[in-house]
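To keep things clear, I will list the structure first and then write my remarks on it.
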Amino acid sequence: MTAFERTVRPVLFRLGGGDAEKAHEFTLGRLSRLGERTRSLLTSRYATDAPVEVFGVRFPNAVGLAAGMDKNGVALRAWPALGFGFVEVGTVTAHAQPGNDKPRLFRLRDSEAIINRMGFNNAGAAALAARLEALGPVGVPLGVSLGKSKVTPLEEAVEDYLTSYRLLHKYADYIAVNVSSPNTPGLRTLQDKSAIAGLLAALVGKVPVLVKIAPDLAEPAIAELLEVCLSHGAAGVIATNTTLARDGLAATDQARAAEAGGLSGGPLTEKARKVVHFVHTETDGRLPIIGVGGIMCADDATRLLDAGASLVQLYSGFIYHGPALVRGAARAAARQAGPQHADARDGRAR
Ligand SMILES: Cc1cc2nc3c(=O)[nH]c(=O)nc-3n(C[C@H](O)[C@H](O)[C@H](O)COP(=O)(O)O)c2cc1C
C-alpha cells in the first residue's frame, strides 16, 4: 500500500459521511491553495521527465489528467507537481450551468469504479478564459474540453461549441470536442457522421482539435467517425469517455450500479483498450490517440500504449491510487518508449 492509500484515501473517503462530491471539492480546494514550497516538494517526488511529441505538441511525459477532474481550472498549478505531463480542463460549456441534482457522484469501491451524472456543472467558458488569462502559462500542455450547453438545442450545437472555442482556443495546446458524455441529453448523437463533420468544419484550424468518443459506440459507427476525423483534419481521438454498461462490477457494488450515469475505473479497462486498438488499426496509426479509461496500475497504462495510444490520461485511478500511480504510469510509459528516457527508466524523477 502506498502512503496515499494508507493515510490520505481513508480520510477523503470518509469526508462528508462518504459523499464523493464533497471529497472532490475539498481536495480541489486544498490543491488550489498549495504553496510554492509544497509544490516543489511534490514535484521532486512525483514529476517524471520523459518528453514525447504528439500532434506537434511537446509533453513532459505521456500521462495526463483526464477531463472532468478540474472542470474550471482551479488547481492548475498543482497537477504538474503531482506528476501529470498535461492537463485537460473542462468540460466547459458556452453558458455557465449547475449540472444535475445531487447526489450525482458515487464510488463503487470494491470495483475501484465511479459512477457520475454530473451533467457538465461548470462556471462557463468566459470564466475559464478569465482564469487562464490571469494565471499565465501552466508549465505543461493544456487541453480544453468543450461541450454543449444544456439549454442549447442540438441543432444549434455548432454555434455553442464555437462560442466556447473563440473564448478559449488561445489558451489551449489542444481542444477536445466532447461529444461522448452520457449525462447531457442527446449529446452522444453528435458522434454521428454528419454532426461531427459540421463540428470539425467549424472548429479545426488554429489549434489541434481532438474528438472524445464513447466506449459504447459500435465499431461501424466508430469507423465512420474516424473517416470524418481524417477527412476534416482532426488532430486525434480521445478514447474513451465513461460507459453506460454495468459489466465487471463486484457483487458488493451491484446496488450502486443502479445509479444512472457513466461508469469509469476498473470495469472500463478492457473496453477502453479495445476501442483504442480498433481506432489504431482502423486508421493505420494515422490518427494520434489519447487513451483513457480504467488505468488503475502502471501496466494498464503500458497496455493502452501498446494498443496504439500515444498519450494516456487518468481520472478514477487517481482517485483510488493517488499520485504514485501517475508517477508509476509515466515511468512505465517512458521505459516502453525506449532508451532516450534513461532518467525515467532508472526510476529517477526530476
Ligand atoms: C466525476 C467525473 C466527471 C467527468 N467529467 C468529464 C467531463 O466533464 N468531460 C469529459 O470529457 N470526461 C469527463 N469524465 C470522463 C473522464 O475524463 C474519463 O474519460 C473517464 O472517467 C474514463 O477514465 P477513468 O477510468 O480513468 O476514470 C468524467 C469522469 C468522472 C469520473
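Here, each number is a calculation from the coordinates, and none is a lab measurement. Small disclaimer: the values here were computed from a predicted structure and weren't measured. Note: ideal-geometry Cβ built from the backbone for every residue, glycine included; neighbour counts use all protein chains shown.
Could you compute the FRET efficiency for residue 110 and residue 151, with r as their C-beta to C-beta distance and R0 at 45 Å, rounded to 0.05? Walk me through the intermediate numbers first.
Details: r = 38 Å, r/R0 = 0.85.
Here the calculated transfer efficiency is 0.75.
Could you tell me which of 72, 315, 17 has its Cα farthest along the dipole of the chain towards the positive end, charges placed at Cβ (Lys, Arg +1; Asp, Glu -1), taken about the Cα centre?
17
Based on the Cβ-Cβ distance from residue 255 to residue 8, what FRET efficiency comes out when R0 is 25 Å, to the nearest 0.05?
Working: r = 27 Å, r/R0 = 1.06.
Efficiency at R0 = 25 Å is approximately 0.40.
What ranking do 36, 227 get, fewest neighbouring Cβ atoms within 10 angstrom at the top?
Numbers: 36 9, 227 15.
Sorted ascending by nearby Cβ count, the order is 36, 227.
If the limit is 27 Å between Cα atoms, which of 102/212; 150/212; 102/206; 150/274 go over it?
Numbers: 102/212 25 Å; 150/212 18 Å; 102/206 38 Å; 150/274 31 Å.
The answer is 102/206; 150/274.
Roughly what % of DSSP beta bridges within the chain run antiparallel, to the nearest 5? Mind dumping the intermediate values first?
Values: 13 of 40 bridges.
Counting DSSP beta bridges with both partners in the chain, the antiparallel share is about 30 percent.
For the chain, what is the charge dipole size about the Cα centre, in debye to the nearest 20, if Lys and Arg each add +1 at the Cβ and Asp and Glu each add -1 at the Cβ? Working shown, then result.
Values: 39 positive and 34 negative charges, 250 e Å.
So the magnitude is around 1200 debye.
If the elastic network links every pair of Cα atoms under 10 Å, which of 40, 264, 149 fluctuates the most in the Gaussian network model of the chain?
Of the options given, 40 has the highest mean-square fluctuation.
When each pair of different Cα atoms in segment 195-350 is counted once in the 1/r mean, what is the Kirkwood radius in angstroms, to one decimal?
On the way: mean 1/r = 0.0603 Å⁻¹.
With all distinct Cα pairs of segment 195-350 included, I get 16.6 Å.
Can you give me the pair-distance distribution of segment 1-56, C-alpha pairs, 10 Å bins, whole percents?
Once binned at 10 Å, the Cα pair distances of segment 1-56 give 19, 35, 31, 13, 1.
May I ask you to sort 166, 131, 104, 273 by Cβ crowding, counting other Cβ atoms within 10 Å and putting the fewest first? Show your work: numbers first, answer last.
Values: 166 12, 131 16, 104 19, 273 24.
With the sparsest Cβ surroundings first, the list reads 166, 131, 104, 273.
List 181, 194, 32, 111 from most exposed to least, where exposure is judged by having the fewest other Cβ atoms within 10 Å. Walk me through the numbers on the way to the answer.
On the way: 181 25, 194 10, 32 15, 111 22.
Fewest-to-most ranking of 181, 194, 32, 111: 194, 32, 111, 181.
Once each part is reduced to its C-alpha centroid, what is the distance from segment 246-297 to segment 91-139 in angstrom?
Distance between centres, Cα-based: 20 Å.
How large is the charge dipole for segment 214-350, taken about the Cα centre, if only the Cβ atoms of Lys, Arg (+1) and Asp, Glu (-1) carry charge, to the nearest 20 debye?
Details: 13 positive and 15 negative charges, 130 e Å.
Roughly 620 debye for segment 214-350.
When only alpha-carbon atoms are used, what values of Rg and Dmax, in angstrom, describe the chain?
18.6, 53
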